[in-house]
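Working notes for the structure below.
Derivation of every value follows stated rules applied to the coordinates shown; laboratory data play no part. Computed from a predicted structure; not experimentally measured. All Cβ positions, glycine included, derive from the backbone under ideal geometry; neighbour counts span all protein chains shown.
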Amino acid sequence: MVYFWTELLVYFSVEISSKTKEAKNINDTLENIRVSIIRHYREIEWQDVQVTAEKIRNAFLGITVKAQMLLVVFKNHNDDISKRIGKVDKF
């Protein structure tokens, strides 16, 4: 099971009905979250072979571990190539 924080605080009261402005805002926010999660699910399903709850959560939260790792690999490669420019390797 994967959990994440929505930063949505809900105070329950006997007096709150679904017609109040606060209840409408909460329901709208939850609906936006639901739609976003479904969109991320479909994107991951289209790109990946395996869809996991963790991948969906990371996409929803904007966590892109693979992209960051790939950028680090390219930076290291480019730095290495920059150091080799002008040098001849002996085989």
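Annotations
- Residue 51 sits among other residues whose Cβ lies under 11 Å from its own Cβ, and their net charge, with Lys and Arg +1 and Asp and Glu -1, is -2.
- Paired Rg and Dmax values of segment 21-84, which use every Cα atom, in angstrom: 18.2, 64
- Each residue of segment 74-80 was assigned a 3J(HN,Hα) from its phi angle through the Karplus curve 6.51 cos²θ - 1.76 cosθ + 1.60 (θ = phi - 60°); the sequence is 5, 4, 4, 4, 5, 4, 5 Hz, with glycine and proline shown as x.
- Phi angles across segment 32-48 convert, under the Karplus curve 6.51 cos²θ - 1.76 cosθ + 1.60 with θ = phi - 60°, into 3J(HN,Hα) values of 4, 5, 4, 5, 5, 5, 5, 4, 5, 4, 5, 5, 5, 4, 6, 8, 10 Hz, Gly and Pro given as x.
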